[in-house]
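Colleague: Sharing a structure below in structure tokens format, with a few things to ask.
The values are calculated or read from the model by the stated rules, or taken from the named source; none is laboratory data. Keep in mind that this is a model prediction, so the values were computed, not measured. Ideal geometry is used to build each Cβ from the backbone, glycine not excepted, and the neighbour counts take in all protein chains shown. For the accessible areas, the whole protein counts, side chains as well, though only heavy atoms, and no ligand, DNA or RNA atoms are used. Shrake-Rupley method; radii C 1.70, N 1.55, O 1.52, S 1.80 Å.
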Amino acid sequence: MSRKTLAATLSALLLTGGTLGLTACQETAPTASKTPGSETTPIPSGPKKWVDPLGITTEFTTEPSESEDPLNINAQVRLNRVEGAVTGQFENTFARYIVYFDGEPAAPLQWSATGWQDEVIADGSGEPIDLAGARKLQIVIAGVAYPENLEDPHDVPLTKSLDPAITDATIELPFEGYSRFQIAAEEDFPYRVTVLDNPTRLVLDVKTPTILD
């Protein structure tokens, strides 16, 4: 066999072997298989949504709002205290005020909210209530009874929210079945009012620029 013929034969063998090796690799490469029912749901990216421990999902507004029967004073519960706080997380941060009541309501507690105004009025005197802040929001709570002992001090304990956007907050003792709770700020913020049971509470949430990490 001549050198030229030998070289051609070796080249053919090498070419054939390389092609077979590539084919073998392609044929033996493992392929992914799916087992019915084994698919998993992808986990969405991004921050987790904050869940309100009170389960409140009421929509926010800046306009006047009210319950179904805002003039009904049949609940006949008594003021206990008002607690303010900053709650939520990230974009769901807001100032929260909870008005607590004593006694089992004889009917659902009712309310009406004025929306944001330049001034709010006190029951009885009809005079503007002195609040530190350019804009005021008042919640008129219906069905609040007088204290059992009129000789006791009538001040209702009130803890203000630490949210700096809420500049003031006060609550008035009942007058003819109504009690007025009001807050102040320098601008109109979205708010919502919710009544909860066991125990009876009225919750005022105000969405402000304050952010909790």
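Colleague: Among what's in the stretch 161-184 and is free of Cβ contacts under 8 Å to residues at least 60 places away in the same chain and assigned to a strand (DSSP E or B), pick the residue that is farthest from ALA132 (Cα to Cα).
Modeller: PHE175
Colleague: So in the stretch 51-86, with the set limited to residues that are over 19 Å from THR208 (Cβ atoms), among the aliphatic types (A, V, I, L, M) and surrounded by 14 or more Cβ atoms within 10 Å (Cβ to Cβ), which one is nearest to the chain's Cα centre (by Cα)?
Modeller: LEU79
Colleague: A further question on this structure: Looking at VAL206, VAL195, VAL144, can you tell me which residue is open to solvent by less than 10 Å² (accessible area, probe 1.4 Å), touching a Pro at 6+ places or on another chain (Cβ under 8 Å) and closer than 20 Å to THR87 by Cβ? Working first, answer last.
Modeller: Values: VAL195 fails: open to solvent by less than 10 Å² (accessible area, probe 1.4 Å); VAL144 fails: closer than 20 Å to THR87 by Cβ.
After applying the criteria, what remains is VAL206.
Colleague: Give me the residue from the stretch 87-98 that is in a strand (DSSP E or B) and within 14 Å of TRP50 (Cα to Cα) and, out of that set, least open to solvent (accessible area, probe 1.4 Å).
Modeller: As a first pass, look at the stretch 87-98 and keep what is in a strand (DSSP E or B): 87, 94-98.
From the residues that got through so far, the ones that are within 14 Å of TRP50 (Cα to Cα) too are 87, 94.
Numbers: THR87: 29, PHE94: 6 Å².
This residue is PHE94.
Colleague: Let me ask you something else. Output the number of the condition that PRO209 fails; it satisfies all remaining conditions of (1) out of contact with any strand residue (DSSP E or B) (no Cβ under 8 Å at 6 or more places or on another chain); (2) assigned to a strand (DSSP E or B).
Modeller: Of (1) out of contact with any strand residue (DSSP E or B) (no Cβ under 8 Å at 6 or more places or on another chain); (2) assigned to a strand (DSSP E or B), only one is false for PRO209: (2).
Colleague: Another question, then. Return a yes/no flag: does the stretch 158-174 have any residue that is over 27 Å from the mean Cα position of the chain (by Cα), at pLDDT 95 or above and open to solvent by 30 Å² or more (accessible area, probe 1.4 Å).
Modeller: No.
Colleague: Oh, and also: Restricting attention to the stretch 116-126, does a residue exist that is closer than 21 Å to TYR178 by Cβ, open to solvent by 30 Å² or more (accessible area, probe 1.4 Å) and at pLDDT 95 or above? Walk me through it before giving the result.
Modeller: Initial filter on the stretch 116-126 (closer than 21 Å to TYR178 by Cβ): 116-117, 119-126.
Pick out the ones that are also open to solvent by 30 Å² or more (accessible area, probe 1.4 Å) and you get 117, 119, 121, 123-126.
Then drop every residue that is not at pLDDT 95 or above, which leaves 117, 119.
Yes, there is a match, as at least one residue in the stretch 116-126 is closer than 21 Å to TYR178 by Cβ, open to solvent by 30 Å² or more (accessible area, probe 1.4 Å) and at pLDDT 95 or above.
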